1. Evaluate the stretch 148-164: report whether one residue or more is under 17 Å from the mean Cα position of the chain (by Cα), farther than 27 Å from Ser275 by Cα and either crowded, with 19+ Cβ neighbours inside 10 Å or basic (Lys, Arg) (or both).
2. Quick one: which of Ser230, Ser265 is out of contact with any Cys (no Cβ under 9 Å at 6 or more places or on another chain), within 30 Å of Ser177 (Cβ to Cβ) and not aromatic (Phe, Trp, Tyr)?
3. Tally the residues that are touching a helix residue (DSSP H, G or I) at 6+ places or on another chain (Cβ under 6 Å) and farther than 22 Å from Thr159 by Cα, restricting the search to the stretch 240-258.
4. Kindly indicate which of Lys214, Lys191 is surrounded by fewer than 18 Cβ atoms within 10 Å (Cβ to Cβ), touching a residue at least 60 places away in the same chain (Cβ under 8 Å) and not β-branched (Val, Ile, Thr).
5. Which residue, of Ser90, Ser95, is closer than 30 Å to Lys234 by Cα, of a type in the set (S, T, N, Q) and assigned to a loop (DSSP other than H, G, I, E, B)?
6. Please determine whether any residue of the stretch 219-239 is in contact with a helix residue (DSSP H, G or I) (Cβ under 9 Å, 6 or more places away or on another chain) and assigned to a helix (DSSP H, G or I).
7. Any idea which of (1) at pLDDT below 95; (2) in contact with an Asp or Glu (Cβ under 7 Å, 6 or more places away or on another chain); (3) among the β-branched types (Val, Ile, Thr) is the one Thr225 doesn't satisfy?
8. Pairs under 7 Å by beta carbon, first residue part of a helix (DSSP H, G or I) in the stretch 134-158, partner surrounded by fewer than 19 Cβ atoms within 10 Å (Cβ to Cβ) and not β-branched (Val, Ile, Thr), six or more apart or different chains?
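The values are calculated or read from the model by the stated rules, or taken from the named source; none is laboratory data. Please read these numbers as outputs of a predicted model, since none were measured by experiment. Glycine gets a Cβ as well: all are built from the backbone with ideal geometry, and neighbour counts include every protein chain shown.
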Amino acid sequence: MPVISDELIARIEKYHLKTRSIVEGFMVGLHKSPYHGFSVEFADHRQYIPGDPVRNVDWKLYAKTDRFYLKRYEEETNVRCYLLVDHSLSMSYGSGGTTKFDYARQLAAALSYLIMNQKDAVGLITFADEITNHLPPKAFNGYLNVIFDILLSIEPISTTNTLNALHAAAESLKKRSLIILLTDLLDEPEKLIAGLKHFRFNHHEVLVFHIIDKEEQEFNFRSETQFIDSETKKHVTVNPWQIRNDYRSEFKKYADSIKEECFRSGIEYNPIDTSVPIEDNLLRYLHKRSLY
């Protein structure tokens, strides 16, 4: 089974992911460059896109090819993006037709395709209690197959230690990047925020996709149910209707606290409901992002 469908590819191709903060490099026409006023060395050409400054057009090349190309310089490198995908055992839960992990890796595949399609560099870090794969960002199309192969090969394993994994990832990244984290955030909120702040301290832009199964939020179980912790294997049997209101209140408090802390830290927080088709969630997000 492909990790990303042709239909989803067709729908996302017209969208572009834009960074809101200054990063080292830029995506043509969308990203802001931190380099201004330097006389820098010529590197290569890229095709002109409407809206580009005409002062950078190579008119000699236009005379030869009858096409518009812009001169690029060494500083004008592409954005580096890392996708961080959680595949701890808590991600194996799914009350519907897909698990949180399957949803997350399809979303990661779609974002990889989108980022690569707009000529930016994308890398992949997978983790559970520690980092399990680390692919550096690259920007050639064949690299997508490498990323897809990793996404297809991994399965939920081990317990969650998000703090250690995020710290290790942050320490390994030497240049400012766009960090996209896909996880169910099932860890102590203080640890989660501490790990995310490490990226911000190092001047990365951070986007968090909080992968949520509908029943984790709504708790609409109808009969006496035994709940088993996928990581510790501890279990408890309850009558859901007796604790539903308290559970929903606690879940909302937990999610709101993470959202608020992300906002304070300059981290973009996005809740993702796995009962919503992935195309709808992704396109809704891309549309919102395009309005920034």
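1. no
2. Details: Ser230 fails: within 30 Å of Ser177 (Cβ to Cβ).
Within the list Ser230, Ser265, the selection yields Ser265.
3. So the count comes out to 1.
4. Values: Lys191 fails: touching a residue at least 60 places away in the same chain (Cβ under 8 Å).
After ruling out the rest, the residue left standing is Lys214.
5. On the way: Ser90 fails: assigned to a loop (DSSP other than H, G, I, E, B).
Step by step, each of Ser90, Ser95 is checked, and only Ser95 is closer than 30 Å to Lys234 by Cα, of a type in the set (S, T, N, Q) and assigned to a loop (DSSP other than H, G, I, E, B).
6. no
7. Among (1) at pLDDT below 95; (2) in contact with an Asp or Glu (Cβ under 7 Å, 6 or more places away or on another chain); (3) among the β-branched types (Val, Ile, Thr), the lone unmet condition for Thr225 is (2).
8. Filtered contacts from the stretch 134-158: Val146/Leu135; Ile147/Leu135; Ile150/Asn133; Ile150/Leu135.
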